[in-house]
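Visitor: Encoded as structure tokens, here's the structure I'll be asking about.
The values are calculated or read from the model by the stated rules, or taken from the named source; none is laboratory data. This is a predicted model, so every value here is computed, not measured. Cβ: placed from backbone, ideal geometry, glycine included. Neighbour counts: every protein chain shown. The protein model used for the area step is the full one, side chains on, heavy atoms only, and it has no ligands, DNA or RNA in it. Shrake-Rupley method; radii C 1.70, N 1.55, O 1.52, S 1.80 Å.
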Amino acid sequence: MRKPDKQVCTIYRGIPASPGVVIGKVFLLDRESIEVAEEKIPENEVAKEILKFKKALNDTKEELLKTKEKVAKRIDPDHAKIFEAQIMILEDELINNAVVEKIKKTKSNAEYAYKKVIERTIQTLSTSKDEYLKERTMDINAVTNRLIYNLLGIKHLTLESIDSPVILVARSLSPGDVVHMKKESILGFATDMGGGTSHVALLAKSMGIPAVVGLKNFFDQIRDKQTIILDGIRGEVLICPDQQTLKEYDKRRKYLLQKSAELSELKSLPAKTQDGRKIELSANIELPSDADSALEYGAEGVGLFRTEYLYIAQSGFPTEDEQCKAYLEVAEKVYPKSVILRTFDLGGDKFNGHAGSLYETNPFLGWRAIRACLDLPEMFKIQLRAMLRASVKKNIKIMFPMISEVQELRQAKAILQEAKDELRRKRIPFDDQIPVGIMVEIPSAALAGDALAKECDFFSIGTNDLIQYTLAVDRGNERIAHLYQGFHPAVLKLIKQTIDSASKNGIWVGLCGEMAADPLATTLLVGMGVDELSTSAMAIPQIKKIIRSIKFEDAKKHAQEVLKLSTIDEIKKFLIEEYTKRFGRDNKNKFV
Ligand code: PEP
Ligand code: MG
């Protein structure tokens, strides 16, 4: 779509992903379509152009071979096969000869000739009835981009290399992109794709980078360097704001700062209801350095360390020593409070854009989290040994993600036992009584809660996934974001059932999904009986304020009332009314 030359001030509404208001110039990240224009080559330069093409083929092949080796070593040879398929495309005589012929015949530049030949190939494949051939178009696109970058002599843009303050606008980003953003240069970001609990959104929150996702077709409406306002609380982006609007947003920004300063006064006070029920309020973190801001916001420990970000940050598996160092760093920072180390939850939306990506039709239902770890026991054991080695001060707990049944938990515990035995043989100290828990984030685990509770020390409810798997709604898909509803009665019943299974079996139960950060949900969750809420650090003060202002006895009644309701609308209406009675009208926005 052609972008209009001039813009009037327009508001685009998306999904709030990470709070904060920023004003700045746009940096347009256009990775998907590399503009390739036709340029005519003089007759005497045709041979040189063909050589340039052949060199680019070789360079790209070498790059792919290196990536393949890296993946084979770090993951396993099977997953490196995707690169073999891509190398075969580069070696395809039919394609390559057609490109050379086109350069000779039409005197076109190599990148244009290649793009045209590839377009024709993709068109032929897409009409094929063979599903395997159709799927090859993904590989062809990946190879084409690499080859054209090499022909044009362009380096792949990394977000680390942006150094002036900008607001990044992209069609989509991967968690790997966000983890490499520098807060000083990326004021905020806006994407067409993504949902409010996609890992891109969660990471932005942890890093304190305001963001709006799911803007659908915003990218095509915006130009590089235009000034925009991004409001990560309301989920809005304003293009070309006038002076009056800029003034209003400046006022809003100051108001938000003042609110957060008021809330920070609660930092050292406990999250205790007025009648004495203590709730542990902890933080979710992605990288060891996040532990500092968790403590600054008053977290009582780390309720979820998403350790897979160690992999994402360096595009490969960290060694046992590197992992041990990272876990120790967090454990020491929060000591004597504790940290829950979740074993790698890779897959789903967290391989995107990385070497090692494997093509799956339904990645969230695929080779993810504990499933991948049980398939790669040696890699898993390295992680478990690193966790154990970091546990000497006894403030570490281990948690397995995506457990769906007891057998899976037993398998994971058996590998943990092997890791313990290995350390014992080498006389390396660790916490022999290290608590082991699971994330309850698949409906089957919630329904099998009673059996699971008998075989582990704690539960942490992962509502981000529990919602998507209960309602069959992809958490990262902006098109169906309106169907992603945590206050669905079925989701609430599963949460309640999980809490009841835990308390019946005398184990501790926390909740570390984004629902823990939703002020509308706090009284309900406390009333249902959670022991802990773990959330992005910046949400902690507001949730603490709510806990400190309610009575546990009232919260229990509130929860009973909610569980009697049968539609999402009724539940939301009830929660909003109750919240407004206590806190006033305009306070129900997250983090305000
Ligand atoms: C969850 O699913 O709620 C959760 C906390 O884990 P993640 O967001 O990393 O999938
Ligand atoms: Mg999850």
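Visitor: Restricting to region 540-554, and then to whatever is open to solvent by less than 10 Å² (accessible area, probe 1.4 Å) and in contact (Cβ under 8 Å) with a residue 60 or more places away in the chain, can you tell me which residue is farthest from residue 293 (Cα to Cα)?
Guide: The qualifying residue farthest from residue 293 (Cα to Cα) is 550.
Visitor: Does region 464-487 contain any residue that is farther than 23 Å from residue 17 by Cα and surrounded by fewer than 24 Cβ atoms within 10 Å (Cβ to Cβ)?
Guide: The answer is no; no qualifying residue exists.
Visitor: Please work out which one of (1) open to solvent by less than 70 Å² (accessible area, probe 1.4 Å); (2) at pLDDT below 90 is the condition residue 31 fails and give its number.
Guide: Going through (1) open to solvent by less than 70 Å² (accessible area, probe 1.4 Å); (2) at pLDDT below 90 one by one, residue 31 breaks only (1).
Visitor: Here is a further query. On the basis of being more than 16 Å from ligand 1 (Cβ to nearest atom), within 26 Å of residue 21 (Cβ to Cβ), open to solvent by less than 60 Å² (accessible area, probe 1.4 Å) and touching a residue at least 12 places away in the same chain (Cβ under 8 Å), does residue 295 make the cut?
Guide: yes
Visitor: Mind listing whichever residues of region 104-118 are aliphatic (A, V, I, L, M) and open to solvent by 10 Å² or more (accessible area, probe 1.4 Å)?
Guide: none
Visitor: What number of residues within region 170-186 are within 12 Å of residue 212 (Cα to Cα) and in a strand (DSSP E or B)?
Guide: 1
Visitor: If you don't mind, another one. Would you confirm whether or not region 455-470 contains a residue that is within 30 Å of residue 569 (Cα to Cα), modelled with pLDDT of 95 or more and touching a His at 6+ places or on another chain (Cβ under 8 Å)?
Guide: yes
Visitor: From the list 513, 449, 486, exactly one residue is under 25 Å from residue 558 (Cα atoms), more than 15 Å from ligand 1 (Cβ to nearest atom) and not hydrophobic (A, V, I, L, M, F, W, C). Which is it?
Guide: Going through 513, 449, 486 in turn, the sole match is 449.
Visitor: How many residues does region 373-415 hold that are open to solvent by 10 Å² or more (accessible area, probe 1.4 Å) and either of a type in the set (Gly, Ala, Ser) or within 14 Å of residue 456 (Cβ to Cβ) (or both)?
Guide: Residues that pass the stated criteria total 10.
Visitor: I've got another one for you. Report whether or not residue 151 is of a type in the set (A, V, I, L, M, F, W, C), farther than 24 Å from residue 481 by Cα, at pLDDT 90 or above and open to solvent by 10 Å² or more (accessible area, probe 1.4 Å).
Guide: no
Visitor: Turning to a different aspect of this structure: Need the failing condition index for residue 574 against (1) without any contact (Cβ under 8 Å) to a residue 24 or more places away in the chain; (2) within 16 Å of ligand 2 (Cβ to nearest atom); (3) of a type outside the set (Val, Ile, Thr), just the number.
Guide: (2)
Visitor: Output the number of residues of region 362-382 satisfying the condition of being touching a helix residue (DSSP H, G or I) at 6+ places or on another chain (Cβ under 6 Å) and away from ligand 2 (no atom under 16 Å from the Cβ).
Guide: Adding up the residues that qualify gives 5.
Visitor: Can you pull out every residue in region 265-320 that is closer than 30 Å to residue 69 by Cβ and assigned to a helix (DSSP H, G or I)?
Guide: 308, 309, 310, 311, 312, 313, 314, 320
Visitor: For the list (1) under 19 Å from residue 347 (Cβ atoms); (2) open to solvent by 30 Å² or more (accessible area, probe 1.4 Å); (3) away from ligand 2 (no atom under 16 Å from the Cβ), I need the number of the one condition that residue 444 fails.
Guide: (3)
Visitor: Does residue 414 satisfy the criteria of being out of contact with any Asp or Glu (no Cβ under 8 Å at 6 or more places or on another chain) and modelled with pLDDT of 95 or more?
Guide: yes
Visitor: I need the full set of residues from region 407-446 which are within 15 Å of ligand 1 (Cβ to nearest atom) and within 22 Å of residue 376 (Cβ to Cβ), in order please.
Guide: 437, 438, 439, 441, 442, 445
Visitor: Residue 532 passes all but one of (1) surrounded by fewer than 17 Cβ atoms within 10 Å (Cβ to Cβ); (2) within 15 Å of ligand 1 (Cβ to nearest atom); which number fails?
Guide: (1)
Visitor: Still on this structure, please answer the following. Hey, any hits in region 347-354 for a residue that's surrounded by fewer than 15 Cβ atoms within 10 Å (Cβ to Cβ), away from ligand 1 (no atom under 16 Å from the Cβ) and not aliphatic (A, V, I, L, M)?
Guide: No, because not a single residue in region 347-354 is surrounded by fewer than 15 Cβ atoms within 10 Å (Cβ to Cβ), away from ligand 1 (no atom under 16 Å from the Cβ) and not aliphatic (A, V, I, L, M).
Visitor: For a quick check of your reading of the model, give me the residue pairs whose first member lies in region 393-406 and is closer than 16 Å to residue 383 by Cβ, whose second is away from ligand 1 (no atom under 15 Å from the Cβ) and among the charged types (D, E, K, R), with beta-carbon atoms closer than 7 Å and at least 6 apart or on different chains.
Guide: That search, which allows pairs on different chains as well, returns 396/431.
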